[in-house]
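Values quoted throughout were computed directly from the atomic coordinates according to the rules given, and no laboratory measurement underlies them. Owing to the predicted nature of the structure, the values given are computational and were not obtained by experimental measurement. Neighbour counts run over all protein chains shown; Cβ positions are idealised from the backbone, glycine included.
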Amino acid sequence: MFVDIHTHIDNQAVIRILDDNFKEKVLKTWGVHPWEVNDYDNEVPHDLRSLGMTIAIGEVGLDKVYKETFEKQIEVFEEMIRLSESYRKPVIVHCVRAYAEIIEMRKKMKATMPWVIHGFNSSVETMRQLLRHDMYISLGEVLYRNENQAVNILKNIPMERLFLETDVSGRDIRDVYAKAAALMGCDIEVLCRQIFENYGRLEATH
Ligand SMILES: [Zn+2]
């Protein structure tokens, strides 16, 4: 089993699972991306209200590159956290230069659902702070673009908090697993089993 915790298919953020016969299962997520907060009209889509269709809230979060909308981003992210808690859905988090604020909001809102920080590409120290607040870490492009940092992260992350993803890279998720396994010096099967178990914990919140 290969779990791709965050990718996009037909303009939709999804979780994609590839089983051992390479049959795929696509699970939709729903959320207002921090780049799109100005288009959000506080209307929760039918899919989410009817529960069954949406596996997680995502991708949502904070992005400091878009400073001009940051206040609105916080407002919308708060709303996303509320939805996640009331529908008991995990959250796929997009975070750019706003880790402190993400942690602050998790504390402030007393959020209990699992949050996955997708596309993590920061220091081991930042990762440790996120882990201390019960978050999961998902790695993708950092494995290819910053190998030293990726090795450092992989050496220090507890396996039960790790996810892997392709996001918009267009890579094959099996290659991402192979790359991570090579950097960790472990078998790809071990990684598959562990990450599938981690995914089971997210799914179990519903
Ligand atoms: Zn994405």
If one takes the longest principal axis of the Cα atoms in the chain, at what angle in degrees, from 0 to 90 and to the nearest 10, does the Cα axis of helix 147-156 lie?
-> 90
For the chain, with a Gaussian network of springs between Cα atoms less than 10 Å apart, report the residue from Leu191, Leu27, Leu139 with the top mean-square fluctuation.
-> Leu27
Multiply the residue gap between Thr112 and Asp20 by 0.36 nm, knock off their C-alpha separation, and tell me the result in nm, one decimal place.
-> 29.9 nm
What percent antiparallel are the DSSP beta bridges of the chain, to the nearest 5?
-> 40
Gain on full stretching of the segment that runs from Cys186 to Glu71 - 0.36 nm per residue minus C-alpha separation | 37.1 nm
With just the Cα atoms of the stretch 2-203, tell me how far they stretch along each of the three principal axes, in Å, largest first.
-> 46, 37, 28
When the chain is treated as a Gaussian network with springs between alpha carbons less than 10 Å apart, the largest mean-square fluctuation among Glu59, Glu24, Glu78 is found at Glu24
Expressed as an acute angle from 0 to 90° and rounded to the nearest 10, what is the orientation of the C-alpha long axis of helix 173-184 relative to the principal long axis of the chain?
-> 60
Could you give the dipole magnitude of the chain about its Cα centre, charging the beta-carbon of Lys and Arg +1 and that of Asp and Glu -1, in debye to the nearest 20?
-> 620
Tilt relative to the chain, helix 70-87 - C-alpha long axis, 0 to 90 degrees, to 10 | 80
Dipole of the stretch 100-206, positive end: most advanced residue of Asn152, Val142, Leu130 [Cβ charges, Cα centre] | Leu130
Which whole-Hz ³J(HN,Hα) couplings does the stretch 16-24 yield from phi under the Karplus relation 6.51 cos²θ - 1.76 cosθ + 1.60, θ = phi - 60°, glycine and proline marked x?
-> 10, 10, 10, 8, 5, 9, 6, 7, 10
What is the set of long-range amide H partners of Phe163 at a cut-off below 5 Å, with H atoms built 1.01 Å from backbone N?
-> Ile137, Ser138, Leu139
Reachable lysines from Lys67, Cα under 25 Å, same-chain residues fewer than 8 places away excluded?
-> Lys107, Lys108
For the chain, modelled as a Gaussian network with Cα springs under 10 Å, which listed residue fluctuates most, His118, His94, His133?
-> His133
Table column - 3J(HN,Hα) (Hz), the stretch 135-141, Karplus curve with 6.51, -1.76, 1.60, x for Gly and Pro | 9, 9, 10, 10, 10, x, 5
